[in-house]
Amino acid sequence: MNYKAVFNMLGKVIFLEGALMILPLIVALIYGEKDTYMSFVIPIVCLLALGLALGIKRPKNNMMLAKEGFAICGLAWILLSAFGCIPFVLSGMIPNYLDAFFETVSGFTTTGSTVLTTVEANPMGLLFWRSFTNWIGGMGVLTFFMAVVPQGEGQSMHLMRAEVPGPKAGKLVSKMTDAFRILYIIYFALTILDIVFLMFSGIGFYHSVVTAFATAGTGGFSVKDASIAGYNSPYVEYVSATFMMLFGINFNLYFFLFLRKFKAVLCDEELKVYFGVIISSIALIMINLMTTSEIGTEKAFRDSYFTVTTLVSSCGFVTADFEQWPVFSKAILLLLMFIGAMSGSTGGGIKITRVMLYFKEMVRDLKQMIRPRQVMSVRLNKKSVDSAILKGINTYLVIYIFIIMASILLVSVEGNSFETNFTAVFTCINNMGPGMDKVSATSNFAHLSPLTKIVLCFDMLAGRLEIYPIVLLLIPTTWKRH
């Protein structure tokens, strides 16, 4: 392990977080929230000083391999959350440090699970920072850092492989720095477009910005107690649902659209499955709601459309209490939590690409049982999938299931219902936000014990970082110098 290179990179990331906190400080100044000034000034000064101390001097040996990339990725997200929660503690908005840490981990990992019992009563500068963590974490904090501060190609690739969601991190263009910038240009453009559409609803610039931040990062932190339902606007619901769906799409496909490679986009198998899952889920839930209640057609469609897109994209916004929905609809929603969005998007879940590969691999193995001598390959988008990728996703699934089982066992010590324990773990590791029963859309995570919150923080980080960066931090071999 090249410790000097790791600390140098972490210093730069910490410095960047301090610089980013200046934006919510400006918001607090604009709205005259004098009581919250020092809640940002103190951490900004500390983070900038610590970041300079660690990151200003470049080490002579700046070589970075895979384990350095994983270590930096895992530690960066933990440190960003540990420091990012300080404004909440100093201001008294969330006085308990563990609760504030939970809220900030939930923000950066774009999970959207909250410990706040009331939201609207809090200062606008702090709520801006809370939603801003969703936007920062959406594309990845290291991806944002490398788009702003270019690194060597070898360093960039290792960091991208550690952070970018999906079975495989690939290049958009030959230079990684250019790839990061392209991703963030697309991300920024879609965010601006979302803000513009929301402005037409009349909710105001501030609410449009913070809602777009949470939508773009698919994090679901709203500044309303009732989430998006608090705006009481079908227009806002339709706009938010549409953009949640758009941010759940692989950003590589947007780049292909820009290059006018329309055939590559239209023929993408994962995109077809993504829309197929959304359309079929909306139709089934809509029919189920209309046949089991007196809800009207438009309301049934709107609630189904919004809830399906908020869960498949892992955003976590709420407009309807789906805890009261029929069991069939709730089962579909639970399945959407597992599947999640497309790889290379800001969404969570196990990713549609993996689900497709699991299915294709299963079909191949069943066929080979009948024809053992025939050589068969798993193909995606008409290309054979490398055996190393198949091995990797299988290992991922084993670790994923093991973490879920271990987490459920640990949180069960508290004595809540199985539905509460299972959905709390499931929604956190898949970065979804609301669960069911005592952690449903109309409740929160404040009542959970400190042990449960620590376990769920681990799950949120593991889920957002595709497990490996967090798990590898616990393996002693990672920290050996050679």
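Residues in segment 74-99 that are of a type in the set (S, T, N, Q) and farther than 19 Å from G463 by Cα: 2 in all.
Being among the polar types (S, T, N, Q) and on the phi < 0 side of the Ramachandran plot is the requirement here; does T218 meet it? Here the answer is no, as T218 does not meet what is asked.
Each residue in segment 342-358 was checked for being closer than 15 Å to D386 by Cα and hydroxyl-bearing (S, T, Y), and 2 pass. Residues in segment 371-393 that are closer than 24 Å to V265 by Cβ and of a type in the set (A, V, I, L, M, F, W, C): V378, L380, V385, I389, I393. Let me spell it out: the conditions are (1) part of a helix (DSSP H, G or I); (2) touching a residue at least 12 places away in the same chain (Cβ under 8 Å); (3) of a type in the set (S, T, N, Q), and S345 meets all of them except one. Which number is the exception? Condition (1) is where S345 drops out. Between M376, M405, the distinction of being in contact (Cβ under 8 Å) with a residue 12 or more places away in the chain and more than 25 Å from G219 (Cβ to Cβ) belongs to M376 only.
Picking from residues in segment 31-46 that are charged (D, E, K, R) and in a helix (DSSP H, G or I), the one that is surrounded by the most Cβ atoms within 10 Å (Cβ to Cβ) is D35. Out of E323, E361, report the one residue that is acidic (D, E) and within 22 Å of F445 (Cα to Cα). Of the residues listed, the single one that is acidic (D, E) and within 22 Å of F445 (Cα to Cα) is E323.
Scanning segment 325-377 for residues that are hydrophobic (A, V, I, L, M, F, W, C), over 15 Å from V312 (Cβ atoms), at pLDDT 90 or above and touching a helix residue (DSSP H, G or I) at 6+ places or on another chain (Cβ under 9 Å) yields a total of 3. For A28, the requirement of being of a type outside the set (D, E), out of contact with any Gly (no Cβ under 6 Å at 6 or more places or on another chain) and in a helix (DSSP H, G or I) is not met. Here L311 passes the criteria (1) out of contact with any Phe, Trp or Tyr (no Cβ under 9 Å at 6 or more places or on another chain); (2) crowded, with 22+ Cβ neighbours inside 10 Å; (3) closer than 30 Å to R379 by Cα except the one numbered (1).
Given the conditions (1) closer than 30 Å to Y184 by Cα; (2) touching a residue at least 40 places away in the same chain (Cβ under 8 Å), and given that A388 satisfies all but one, which numbered condition is not satisfied? The single condition A388 does not satisfy is (2).
If the condition is being of a type in the set (A, V, I, L, M, F, W, C) and in contact with a Lys or Arg (Cβ under 8 Å, 6 or more places away or on another chain), then segment 1-36 contributes only M1. Condition check: closer than 23 Å to M460 by Cα, in contact with a Lys or Arg (Cβ under 7 Å, 6 or more places away or on another chain) and not aromatic (F, W, Y). Does S343 satisfy that? Yes. Being in contact with a helix residue (DSSP H, G or I) (Cβ under 7 Å, 6 or more places away or on another chain), over 23 Å from V355 (Cβ atoms) and surrounded by 14 or more Cβ atoms within 10 Å (Cβ to Cβ) is a condition met by no residue of segment 268-281. Listed by first and then second residue, the pairs linking a residue in segment 287-309 that is within 21 Å of L246 (Cα to Cα) to a residue that is surrounded by 13 or more Cβ atoms within 10 Å (Cβ to Cβ) and polar (S, T, N, Q), with Cβ atoms under 8 Å apart and 6 or more places separating them unless they lie on different chains, are R302/T319; D303/T319; S304/S281; F306/S240; F306/T319; T307/T319; V308/S281; T309/T242. Taken over segment 1-36, the criterion of being hydroxyl-bearing (S, T, Y) and more than 13 Å from W129 (Cα to Cα) is satisfied by Y3, Y31. Of the helices (runs of 4 or more DSSP H) lying entirely inside segment 216-326, those carrying at least 1 residues that are under 21 Å from F197 (Cβ atoms) are 234-247, 251-258, 269-292, 297-312.
The values are calculated or read from the model by the stated rules, or taken from the named source; none is laboratory data. Please read these numbers as outputs of a predicted model, since none were measured by experiment. We place every Cβ from the backbone using ideal geometry, glycine too, and count neighbours over all the protein chains shown.
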